[in-house]
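J.: Pasting a structure here, questions to come.
The values are calculated or read from the model by the stated rules, or taken from the named source; none is laboratory data. These numbers were taken from a predicted model, which means no experiment stands behind them. Cβ placement follows ideal geometry from the backbone for every residue including glycine, while neighbour counts extend to all protein chains displayed. Remember, those area values only see protein heavy atoms, side chains included, never the ligands or the DNA or RNA. Shrake-Rupley method; radii C 1.70, N 1.55, O 1.52, S 1.80 Å.
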Amino acid sequence: MPLGERAGDKSESRYCGVETQFNDDMPHVLAFNLSHGSFDFVVAPLMDPAYRPSLMQKESGVSGVLPFAGSDLVLSPSQWSSHVVGKISPWIDLDSEDEILRVDSEITLKQEIAWASHLSLQACLLPAPKGNSCANYARCVNQILQGLNSMQLWLRIPLVKTDNDTMDVNSSNLDDSWEIWNSFRLLCEHHSQLSVALDVLNSLPSANSLGRWFGESVRAAIISTDCFLTNARGYPCLSKRHQKLVSGFFNHSIQIVLSGEPVHSLPRINSDLAANNNDNNVDGVQKHPLRPYLDYVGYLYQRMDPLPEQERFELGYRDFLQSPLQPLMDNLEAQTYETFEKDTMKYIQYQRAICKALQDRVPDDKASSVTTVLMVVGAGRGPLVRASLQAAEETGRKLKVYAVEKNPNAVVTLHSLVKLEGWENIVSIISSDMRYWDAPEKADILVSELLGSFGDNELSPECLDGAQRLLKDDGISIPSSYTSFIQPVTASKLYNDVKSHNDVAHFETAYVVKLHNIARLAPPQPVFTFIHPNRSTDKSNNRYTKLQFGVSSDTGSAMIHGFAGYFDAVLYKEVHLGIEPSTSTPNMFSWFPIFFPLRTPISLHPGSSLEVHFWRCCRPSKVWYEWSVTSPSSSPIHNTNGRSYWVGL
């Protein structure tokens, strides 16, 4: 049964498994561990551990019946697929110098995977590579992956990273198990059905080193009973660092698998304690040797905070790639407007900014006599018009509003809103592109809502430069400036989703995405800044930036799949709005980050720096970005001439 109920959480991490020994009575294995022990699935060997193909042929002279753990008929198809993860024989060593062992290993691996496929298992656990060299193992697994159905292969990797910053990746000592995983998945071409099962040990690497794994394709975390400490009552518990790690697993849909023999001698408990331990024992007889460990994992799950309402709303968008809007080329649909209009925090910030601008523009002693001309350019269905009028009411200032909107469908809604609210004498609706409208008078304040996830990626600079002639020389623009930011990330899932399209164009496209299963490898750095009104003599919106990122030495090596992009905007003076993680506006959902993928992921080793180049390019009909990496190795320049991705003017 699931570990518990957590509001909003429907992820796989609610289910906990147990690693079992070989037993050819699979119905008993399931009954004991699921019905008796309350686990949700078993990681069970499929083949008798004594089996070796070479011995079997010597003894019989012919191929006999393979010693699998029972016929496929002993369990129902749904039991096999829902409750059994196949555990491939741990003795196999495809990179052994012993040719007989190597050949036996390859034969056995393929036989066991074929049997697991026949049973329609959802996943198989592959044993960890035996040494630092895993080329033949990876070759064999890659062959299997090419013909595999939907089954996942979980490669067992011990969670090891020493604090030796000068480690040699070619040495015989295993300093960083991530290197083994990285080598294996590169040999297998980043195959989307190859995942990781982390073997959690009683000693953990640094927090930065652990953080790398949340951007990798980790499906399970195997926790040995040796990892558990003993609490004051004699029951198993985990260290604070292990608890934090397990919470991270829960948050990233990583399933816990318990492994090993019980190492706690639990006291027989009296009836009062039994009542407080959810039938841990019945009549003083312990049910399942690992049940106390399962109960503790369940306790960790149940004490997690429920998902906030906003995160529940965003669950379906996690790591889901979306093309950015083209608001100049396309007219937005009613549903898109409605989603953005529900973002109350955004309009609270705009109202605060407009209040301050009105107070600076008109002194208190002239509040009743001076009327401020305010233009909302890109008014949509009117939320900024409403925020402006509420700001005027809050500050006691008189206002005249022009609502300029190019989308004729939104203009219909605007007219209805103005009539419904009785704003006819205050608000004039202009059905026009802001860049081409000839206004009867100039504005004191120009308010716009044209920002994209990367700040300027929905052409706010071009629109506001075109509308600047509508503003008085001493007029105020809200927003007054905005800056884009990028940071390198490990994002295995996003990379595989882009790769699945099998073309260059998708790797040269920026995507809007609710980032979740990623590892942020360095703090964000600013890229491009735009200021409004733009009083400079050089009106070009072309930009070029070169950035250097350093990854903390205790992180270890890491794989960079692309760059997460954000923005931060100054609406007016100290009122800001943004999604850059360190300064992000809370409880706001209008913008997800943007993701710039790399065609070939870059491996970054400790002590080396990452040099990144970003360009913003403009032509009369379109704007686009180009990006590349030049250190520690060079990537192609992505999206040359906007050949794959551009925003139309």
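J.: Quick one: in the range 289-324, which of the residues that are of a type in the set (D, E, K, R) and exposed (fewer than 14 other Cβ atoms within 10 Å of the Cβ) is farthest from the chain's Cα centre (by Cα)? Working first, answer last.
T.: In the first step, residues of the range 289-324 are kept if they are of a type in the set (D, E, K, R); the result is 291, 295, 303, 305, 309, 311-312, 314, 318-319.
After this cut, where a residue has to be exposed (fewer than 14 other Cβ atoms within 10 Å of the Cβ) as well, the list is 303, 305, 309.
On the way: Arg303: 23, Asp305: 19, Glu309: 18 Å.
The residue in question is Arg303.
J.: Something else now. Can you name the number of the only condition in (1) crowded, with 16+ Cβ neighbours inside 10 Å; (2) under 26 Å from Gly4 (Cα atoms); (3) among the basic types (Lys, Arg) that Lys240 fails?
T.: Going through (1) crowded, with 16+ Cβ neighbours inside 10 Å; (2) under 26 Å from Gly4 (Cα atoms); (3) among the basic types (Lys, Arg) one by one, Lys240 breaks only (1).
J.: Return the residues of the range 325-358 that are open to solvent by 40 Å² or more (accessible area, probe 1.4 Å) and of a type in the set (Gly, Ala, Ser); say none if nothing qualifies.
T.: Matches in the range 325-358: Ala334 only.
J.: Looking at (1) of a type outside the set (Lys, Arg); (2) modelled with pLDDT of 85 or more; (3) open to solvent by less than 50 Å² (accessible area, probe 1.4 Å); (4) part of a helix (DSSP H, G or I), which is the only condition Ile256 fails?
T.: Just one mismatch for Ile256, condition (4).
J.: Hey, any hits in the range 602-616 for a residue that's part of a loop (DSSP other than H, G, I, E, B), among the basic types (Lys, Arg) and at pLDDT 95 or above? Give the derivation first.
T.: Step one: list which residues in the range 602-616 are part of a loop (DSSP other than H, G, I, E, B), which gives 605-608.
Subset that is among the basic types (Lys, Arg): none.
No, the range 602-616 has no match at all.
J.: With Ser634, Ser608 as the choices, which residue is surrounded by fewer than 22 Cβ atoms within 10 Å (Cβ to Cβ) and within 18 Å of Glu179 (Cα to Cα)? First the steps, then the outcome.
T.: Numbers: Ser634 fails: within 18 Å of Glu179 (Cα to Cα).
None of the others qualify; the one that does is Ser608.
J.: Quick check on my filter: what residues within the range 138-158 are assigned to a helix (DSSP H, G or I) and either open to solvent by less than 10 Å² (accessible area, probe 1.4 Å) or touching a strand residue (DSSP E or B) at 6+ places or on another chain (Cβ under 8 Å) (or both)? Before the answer, list the steps.
T.: The initial filter retains those residues of the range 138-158 that are assigned to a helix (DSSP H, G or I), namely 138-146.
Matches in the range 138-158: Ala138, Cys140, Val141, Ile144, Leu145.
J.: I'd like the full set of residues that are open to solvent by 60 Å² or more (accessible area, probe 1.4 Å) and outside any loop (DSSP other than H, G, I, E, B), limited to the range 362-380.
T.: Asp364, Asp365, Lys366, Thr371
J.: Is one or more of the residues making up the range 550-563 assigned to a loop (DSSP other than H, G, I, E, B) and open to solvent by 70 Å² or more (accessible area, probe 1.4 Å)? Quick ask: steps written out before the conclusion?
T.: Pass one, the range 550-563, residues assigned to a loop (DSSP other than H, G, I, E, B): 551-552, 556-557.
Checking the rest, the ones that are also open to solvent by 70 Å² or more (accessible area, probe 1.4 Å) come to none.
No, because not a single residue in the range 550-563 is assigned to a loop (DSSP other than H, G, I, E, B) and open to solvent by 70 Å² or more (accessible area, probe 1.4 Å).
J.: Inside the range 459-479, can you point out the residues that are outside any helix (DSSP H, G or I) and either open to solvent by 30 Å² or more (accessible area, probe 1.4 Å) or touching a Ser or Thr at 6+ places or on another chain (Cβ under 8 Å) (or both)? Quick ask: steps written out before the conclusion?
T.: From the range 459-479, those outside any helix (DSSP H, G or I) are 459, 471-479; that's our starting set.
Leu471, Lys472, Asp473, Asp474, Ser477, Ile478, Pro479 - these are the residues of the range 459-479 that are outside any helix (DSSP H, G or I) and either open to solvent by 30 Å² or more (accessible area, probe 1.4 Å) or touching a Ser or Thr at 6+ places or on another chain (Cβ under 8 Å) (or both).
J.: Can you tell me which residue among Ala387, Ala334 is farther than 21 Å from Arg435 by Cβ, among the aliphatic types (A, V, I, L, M) and at pLDDT below 95?
T.: Details: Ala387 fails: at pLDDT below 95.
From the options Ala387, Ala334, the qualifying one is Ala334.
J.: Criterion first (open to solvent by less than 30 Å² (accessible area, probe 1.4 Å), on the phi < 0 side of the Ramachandran plot and basic (Lys, Arg)) does Arg643 satisfy it?
T.: In short, no.
J.: Take the residues in the range 122-133 that are modelled with pLDDT of 95 or more and assigned to a loop (DSSP other than H, G, I, E, B); name whichever of them is most open to solvent (accessible area, probe 1.4 Å). Show your work before the answer.
T.: Here is the first cut: in the range 122-133, the residues modelled with pLDDT of 95 or more are 122-129.
From what is left, the residues that are assigned to a loop (DSSP other than H, G, I, E, B) are 122, 127-129.
Numbers: Gln122: 117, Pro127: 11, Ala128: 30, Pro129: 22 Å².
Checking each candidate, the answer is Gln122.
J.: Would you mind finding the one in Ser621, Ser603 that is within 22 Å of the chain's Cα centre (by Cα) and polar (S, T, N, Q)?
T.: Being within 22 Å of the chain's Cα centre (by Cα) and polar (S, T, N, Q) holds for just one of Ser621, Ser603, which is Ser603.
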